[in-house]
Amino acid sequence: MMAASLQLEASLQLEEPWYVACASFDPEKQQMDIWVKVRDHAVFACPRCGLQAKRYGYEPYERSWRHADCLFFPCYVHCQRPKVLCGKCGLQQVNAPFERQNSRFTLMFEGYAMMILADIPRRKASRLLRCNEKSLASILSYWVNRAADKQDLSNVSKLALDETSKRRGHQYVTIAIDALEHKVIDVEDGRTKQAVAAVKVRLEQQGGSADNITAVTSDMSASFLPAVKEYFPQAEQVIDKFHVKQVLTKALDEVRKNEQGEVDDKKTLFQYRKLFMTRDDHMSEKQKHRYRTLSKTYPKTARAHRIVEALDIFYACTTVADASKRFKELYSWMRRCRLEPMKNAAVTLMNHRKEIMNYFHDRLTNAICEGINSLVQAAKRKARGFNTFEGFKAMIFLVAGKLELDAPAPF
Ligand SMILES: [Zn+2]
């Protein structure tokens, strides 16, 4: 019993005057219970002023905290925490060394949960830890927010804004990325102007300045562009390649759907729709052959595909002059292609010509735009298991925030 109780004390990181009074297994509840007490004549630092003060009674009820499993059984720590009578502050409640205020979990459990959450999808983590999503989300948010709020943002000069949703079409969030450091610095609810304003607030609360932001890359969203202009007035606005391509592939898909509706054989085109999304130079010989046959049967989709291909040529330009020329050519081709969705896409591109062309202004912007989308996608995949904004946000931060977490390491 002696060795076991020493182990339990170590797992709770207890030190005198705290000690494990007893531990037992409850066969009915299938759980381990540990009771922690303090020595009768213990002296504590007053939680308010830090002066030494004598124990003076206990809180009226026993409290319980979930601790890490013990011999595969969920383990609970119970304690009636002491009070002290401080000469300066009067009667004060002392917190247990293993607790974080307002949490029903021990610090070690929280540290362990953070370790598991970093590597394992939420649902599985929830099962392994025998802990529901709400509790996991609140543990995660606490430690992540604590670290995120401490980040020094004074060097942020190039931002990328992106929007993502928990599920397709559901509750959007705005993600702000330090484009040079390649890390998420803020996640805000919604994709509105207010969300961009909130990004500025965080930036300035943590040492940064909106006036230091020289470039902001984003999609073509009607709320981002004017908001960036208002809140980051010094920044050059850039619409990145990924989002331009998205406009064209969406148009291509519409052309394909329309053509599918016009032909007798609807199956083949649907079956090979992915092939029309594949870049020419990424196709195998077999795929190329099939593509040639298909493009004879479905000339409209094939034409739209060639336009999307031409976008890659535009982005391969190395000078602004060259890119400008290519843009004009691409635009007039799209306008004349007799494919309604592509003609509309051309108008969208023209409306954002300036921001699209800004991509070619400096190589740095160019380079940092790459990879940001994959960062967002990776974060989003991991965060998807969370149904609340707080959980979703915390997971994005955990995956892509490069945070220095100070949750206690369980081992
Ligand atoms: Zn005091």
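Within region 219-243, the set of residues being in contact with a helix residue (DSSP H, G or I) (Cβ under 6 Å, 6 or more places away or on another chain), at pLDDT 90 or above and outside any loop (DSSP other than H, G, I, E, B) comprises 227, 231, 236, 237, 238, 239. Look at (1) free of Cβ contacts under 8 Å to residues at least 40 places away in the same chain; (2) within 16 Å of the ligand (Cβ to nearest atom) and you find that residue 19 fails only one, number (2).
Exactly one residue out of 135, 103, 157, 141 is away from the ligand (no atom under 16 Å from the Cβ), without any contact (Cβ under 8 Å) to a residue 40 or more places away in the chain, polar (S, T, N, Q) and under 24 Å from residue 378 (Cα atoms), and it is 135. Taking the criterion of being surrounded by fewer than 16 Cβ atoms within 10 Å (Cβ to Cβ), basic (Lys, Arg), over 43 Å from the mean Cα position of the chain (by Cα) and within 16 Å of the ligand (Cβ to nearest atom), the only residue of region 39-81 that qualifies is 54. The combined condition, being modelled with pLDDT of 85 or more and not assigned by TED's automatic domain parsing to the domain that holds residue 7, is fulfilled by residue 327. Inspect all residues belonging to region 374-391 and state whether any of them is surrounded by 15 or more Cβ atoms within 10 Å (Cβ to Cβ), touching a residue at least 40 places away in the same chain (Cβ under 8 Å), among the hydroxyl-bearing types (Ser, Thr, Tyr) and more than 19 Å from residue 141 (Cβ to Cβ). No; the residues of region 374-391 include none that is surrounded by 15 or more Cβ atoms within 10 Å (Cβ to Cβ), touching a residue at least 40 places away in the same chain (Cβ under 8 Å), among the hydroxyl-bearing types (Ser, Thr, Tyr) and more than 19 Å from residue 141 (Cβ to Cβ). Closer than 20 Å to residue 220 by Cα and either of a type in the set (A, V, I, L, M) or surrounded by fewer than 20 Cβ atoms within 10 Å (Cβ to Cβ) (or both): does that describe residue 354? For residue 354, the condition - closer than 20 Å to residue 220 by Cα and either of a type in the set (A, V, I, L, M) or surrounded by fewer than 20 Cβ atoms within 10 Å (Cβ to Cβ) (or both) - is met. Considering only residues of region 82-99 that are crowded, with 18+ Cβ neighbours inside 10 Å and within 38 Å of the chain's Cα centre (by Cα), which is farthest from the ligand (Cβ to nearest atom)? This residue is 98.
Residue by residue, here is whether (1) over 23 Å from residue 404 (Cβ atoms); (2) touching a Lys or Arg at 6+ places or on another chain (Cβ under 9 Å) holds:
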{"site": "172", "(1), (2)": "yes, yes"}
{"site": "175", "(1), (2)": "no, yes"}
{"site": "181", "(1), (2)": "no, yes"}
{"site": "184", "(1), (2)": "no, yes"}
{"site": "190", "(1), (2)": "yes, no"}
{"site": "201", "(1), (2)": "no, no"}
{"site": "210", "(1), (2)": "yes, yes"}
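The values are calculated or read from the model by the stated rules, or taken from the named source; none is laboratory data. Quick caveat, the model's predicted, so the values are computed rather than measured. Virtual Cβ from ideal backbone geometry, glycine too; neighbours counted across all protein chains shown.
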